[in-house]
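Inspection log for the structure reproduced underneath, given as structure tokens.
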Amino acid sequence: MGIGPGDEDRAAGRIIAPEDLELICGQEKEDPSMFKLHGIYAPIATPFVDGKIAYDKLEKNLDFWLKSDLEGIVVMGSNGEFVMLSPEEKVELMRFVCTRAKGKKPVIAGTGAESTMETIRLNEKAAEAGAEAVLVVTPNYYKESMTDSVLARFYTDVASASPLPLILYNIPRNTGINISAKLAVELAGHRNVIGIKDSSGNIVQIADMIRNAPKVFSVFAGSASFLYVSLVLGAAGGTLALANVFPNECVRLQKLFEAGKMEEARNLQMVLMDSNSAVTARWGIAGLKAAMEMIGLYGGSPRLPLVSLGDTDREALRKILTQTGFFPKPTV
């Protein structure tokens, strides 16, 4: 029996056929013209008033984040409620954020969609808006069909067509789909795939990605809860919900680590744990927006069907934030 197309690759354990990848010439060499993913980014919240994007509120929030120590910001990440936005709103929001951040901090735009065609369209719009890179989540509605080979084809097609560098986005808690370390490492060979935001919390998987991917491929922690351990393993930074509320403290953790002040970095990680859990796993978007209000930003309500935090939970959140020592104690 003859060997069919792709049989040799399957036998070798490869997910992506070599002819489908635009390989980096000398993968260990960094292209100085390529955007470099490093540091701490905040996946900024999208403010709503009466169900519509409140650009005046967003402008004031952006002033806070752009003056912080953050390396950059992510627009239309999970904390930006991107799945709640219309195609028109997504384009308008990217333009607004990129215009105001221009010359101050780089912007990464979340452009992942269910279809390859729509993702490519949003990547083009992100480039027109002035984003530096795109963050692309896995398609996930047809979960059972999202095999490694299907995801490999999706990301290869999108990366090849993208005018901007592409960052893989792995968030299985929301999508029900995991980007395996094997797939991430193979996709890292594409000249236009520069990194991954891994929100899985699977430290073994993150370690495998860092160990086996080219050095030019940046692995980002997707949560402040495992930022320190990810940095120890060799991560380049993180995109952290908590950085909306405590941007400088999140940045300080990485700076302490890079300065070799390991005990201080570890201690700061411990201090941030409960606050991070509160604005992610425990209370989600509603908790994040409530926390933003407590530090003087505009949070407002999530877009329906998500609802705001109730009074009891809001008070519990305030106590958690206050215990960090970074948060002003209530005046009443």
- [ ] Note down the relative contact order for the chain as a percent, whole number, built from C-alpha pairs under 8 angstrom at least six residues apart.
- [x] 18 percent
Task: Expected 222 nm ellipticity per residue - DSSP helices of 4 or more, -39500 (n - 2.57), all of the chain, to 500 - done: -12500 deg cm²/dmol
- [ ] Using only Cα atoms, tell me the angle between helix 311-322 and the longest principal axis of the chain; keep it within 0 to 90° and round to the nearest 10.
- [x] 80 degrees
- [ ] Determine the equivalent ellipsoid of the chain by diagonalising the alpha-carbon gyration tensor, then write out the semi-axes as square roots of 5 times the eigenvalues, largest first, rounded to whole Å.
- [x] 33, 22, 18
Task: the range 22-130 - Rg and Dmax from Cα coordinates, angstrom - done: 15.0, 52
TODO: Report the one residue of Tyr228, Val97, Phe48 whose Cα lies farthest in the direction of the positive end of the charge dipole of the range 36-262 (charges on C-beta: Lys and Arg +1, Asp and Glu -1; origin at the Cα centre).
DONE: Tyr228
- [ ] Rank by packing, highest mean first: peptides 163-169, 131-137, 203-209, with packing defined as the count of other Cβ atoms within 10 Å averaged across residues.
- [x] 131-137, 163-169, 203-209
- [ ] Can you tell me the dipole magnitude for the chain around its Cα centre, using point charges on the Cβ only (Lys, Arg +1; Asp, Glu -1), in Debye to the nearest 20?
- [x] 940 debye
Task: Acute angle (nearest 10 degrees) that the helix 284-294 long axis makes with the longest principal axis of the chain, alpha-carbon atoms - done: 40 degrees
Open item on the list: How large is log10 of I(q)/I(0) for the range 169-283 at q = 0.17 Å⁻¹ when the intensity is taken from the Debye formula with one equal scatterer per alpha-carbon?
Closed with: -0.80
Open item on the list: Angle check, please: helix 116-129 long axis (alpha carbons) against the longest principal axis of the chain (alpha carbons), in degrees 0 to 90, nearest 10.
Closed with: 60 degrees
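No lab work stands behind these numbers, since they all come straight from the coordinates. Here the structure is a predicted model, which is why all the values come from computation and not from measurement. All Cβ positions, even for glycine, are placed from backbone atoms using ideal geometry, and neighbour counts span all protein chains on display.
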